[in-house]
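Asker: Pasting in a structure now, in structure tokens, and then I'll have a few things to ask.
The numbers here are math on the coordinates, done by the rules we state, and not lab data. Source: prediction; values computed, not measured. FYI the Cβ positions are ideal-geometry reconstructions off the backbone, even for glycines, and counts take in every protein chain you see.
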Amino acid sequence: MDSVKQLFSALGIAQESVTGGSLPVHSPIDGARIADVREHTAQETNQAIEQAVAAQKAWRSVPAPRRGELIRLLGEELREHKAALGRLVSVEAGKITAEGEGEVQEMIDICDFAVGLSRQLYGLTIASERPGHRMMETWHPVGVVGVITAFNFPVAVWSWNTALALVCGNAVIWKPSEKTPLTALATQALFERALKRFGDAPAHLAQVVIGGREVGEALVDSPRVALVSATGSTRMGREVGPRVAARFGRSLLELGGNNAIIVSQSADLDLAVRGILFGAIGTCGQRCTSTRRIIAHRDVVQELTARLKKAYASATIGSPLEAGTLVGPLIDQAAFDAMQKALAQAAEQGGTVTGGERALQERFPNAFYVRPAIVEMPGQTDVVRHETFAPILYIMSYDTFDAAIEMQNDVPQGLSSAVFTTDLREAEQFMSASGSDCGIANVNIGTSGAEIGGAFGGEKETGGGRESGSDAWKAYMRRATNTVNYSRELPLAQGIRFGED
Ligand code: UN1
């Protein structure tokens, strides 16, 4: 594939690093093998950790606004290479061009955010109960941050973590998904350009380690990695969380979602159909925020389902690189098999399935394109409560808004949720303490496509972590409480008198 080679060179990936290695990389577009990437061993990962520890010791003393300058330069590199990196995201992860470029835009946005943040790492001052005393909070970097990312957002999730972690004064080691090492290498090459222009940053400030389980385990188990930020399946999080906790490390987990949209009888159905379509079939249903469940009022469920079926029928499935395509391929055969298994289970559990078959098999015999599926379910059965990372949309109905909220919350995951309603009471109830139990609760927009300005993450089996905007930066810092005595006395707190008269 000549065009892939051109992308490598446009993005500064050395040919040697993507040929002759032990990790084959296949494009989900046509199944072609596009690279053989060199993998790191556990020993090399441990060495990277030592190097990161040394780098962080120097970086923590660089003033935060100066650290922000590095991220400003990274943002510039990303702006300049947006089209090429976006295209590589399409080639390696199968996203349509608009979404590939959108992902790079998300990186640019978080860089801008982090540059501003580099001048806003504020702590509080607190009134002391003692005369002549002052209390305050100081925020310091945690140290080395390990970032483990998934194939579906192969570069943006790194940037949410790294832009914040670096301005906060940490060093970063990144383990990308084994399915998407090329976009990681490209991102690293762009980061190194920014480093060169920056001038005097310590070596090994942000590194990439490529490999499977043993590389991940080295990061998870090392007491020198202060924070492990991991995005992926709930199964992965169940291993990572307890292992990091066992050594009293910190983890930030972004795991599975099973995101629902409630469509009320007062909803603007035009908006609802558009919001659901993007959420359910965008990225071929492979976002952690993808819309997987519709809970529609009994009076509108039929019309909504008919309109969705019509919209699904006219959504073009095809190569993500071609203009007009809305639905690209699944990442691989395992994803296809999981989708088929879930559809069979849904049918057994009383569902009526429309779509879901393999598509474009003649044109792309080694890739896995599917017709997105709509499944009308009699209720929220087991399969509906399970996250299948594929474009399957379960539709269920409700009679009362309370019951709809209960159904929305009655799954193990808690990432994103939305309601389409024009009823103010329903909207407010949905966002209240007795409403959606998710980390994201939207009104009249879908479940996916969050902006970087808000804190991103979710509850329950989603893992509880928050990254990206708002005050998510605090996860990358440790808090020190300082009490300063500027008096000539030594009064004790709580009025304690100790050894005096
Ligand atoms: C993910 O799927 O892991 O809200 C992240 C969204 C994107 C991020 C998704 N901004 O859909």
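Asker: Tell me the GluC sites (Glu not before Pro) within the stretch 89-194 that lie in a loop according to DSSP and have at most 15 other beta-carbon atoms within 10 Å.
Answerer: E129
Asker: Could you work out the relative contact order of the chain, using alpha carbon pairs under 8 angstrom and six or more residues apart, expressed as a whole percent?
Answerer: 18 percent
Asker: Still on this structure, please answer the following. Under the definition of Cα pairs under 8 Å and six or more residues apart, what whole-number percent is the relative contact order of the stretch 259-452?
Answerer: That works out to 30 percent.
Asker: In the stretch 259-452, what percentage of the DSSP-assigned beta bridges are antiparallel, given to the nearest 5?
Answerer: Here the share of antiparallel DSSP bridges comes out near 20 percent.
Asker: Simple spin-label model, 7 Å along Cα-to-Cβ: S314 to D337 in nm?
Answerer: Taking the two extended label points, one gets 3.8 nm.
Asker: Compute the FRET efficiency between Q15 and R479 as 1/(1 + (r/R0)^6), taking r as their Cβ-Cβ distance and R0 = 51 Å, and round to the nearest 0.05.
Answerer: Rounded to the nearest 0.05, the efficiency is 0.65.
Asker: Restrict the search to the stretch 79-149; then list the trypsin sites (Lys or Arg not before Pro) that DSSP places in a loop and that have at most 15 other Cβ atoms within 10 Å of their Cβ.
Answerer: Within the stretch 79-149, the qualifying trypsin sites (Lys or Arg not before Pro) (loop, at most 15 other Cβ atoms within 10 Å) are R119.
Asker: Where the eigenvalues come from the Cα gyration tensor of the stretch 36-170, what are the semi-axes √(5λ) of the equivalent ellipsoid, largest first, in whole Å?
Answerer: 34, 20, 13
Asker: Now for a separate question. From the helices alone, meaning DSSP H stretches of at least four residues, give me the mean residue ellipticity at 222 nm for the chain, per-run term -39500 (n - 2.57), in deg cm²/dmol to the nearest 500.
Answerer: Mean residue ellipticity at 222 nm (helix-derived): -12000 deg cm²/dmol.
Asker: Once you have the Cα-Cα distance between R385 and Y486, take 0.36 nm times their residue separation minus that, and quote the gain in nm to one decimal.
Answerer: Once the chain is fully extended between R385 and Y486, it gains 30.5 nm.
Asker: Any idea how far apart S432 and F248 come out in nm if each label point goes 7 Å out from Cα toward Cβ?
Answerer: Label-label distance for S432 and F248, simple model: 4.3 nm.
Asker: Let me ask something additional. Relative to the longest principal Cα axis of the chain, at what angle does helix 82-93 sit, 0 to 90 degrees, rounded to 10?
Answerer: Between helix and principal axis, roughly 60 degrees.
Asker: Residues of the stretch 150-174 with amide nitrogen under 16 Å from the 7 Å Cα-to-Cβ point of A58?
Answerer: Label zone hits: 169-172.
Asker: Sticking with this one: If you fit an axis through the alpha-carbon atoms of helix 156-167 and take the longest principal axis of the Cα set of the chain, what angle between them do you get, 0 to 90°, nearest 10?
Answerer: Tilt of helix 156-167: around 10 degrees.
Asker: If you average the sequence gap of Cα pairs under 8 Å that are 6 or more apart and divide by the length of the stretch 62-158, what percent do you get for the contact order?
Answerer: With pairs under 8 Å counted, the relative contact order is 29 percent.
Asker: Also, I was wondering about something else. For the stretch 305-409, which GluC sites (Glu not before Pro) are both in a DSSP coil and crowded by at most 12 other Cβ atoms within 10 Å?
Answerer: Here the GluC sites (Glu not before Pro) that fit, given the DSSP loop and packing criteria, are E322, E357, E362.
Asker: Please compute the alpha carbon radius of gyration of the chain, then divide it by the globular-protein estimate 2.2 N^0.38 Å. Two decimals is fine.
Answerer: 1.05
Asker: What whole-number distance in Å separates the alpha-carbon centres of the stretch 434-487 and the stretch 384-433?
Answerer: When both Cα centres are located, 21 Å separates them.
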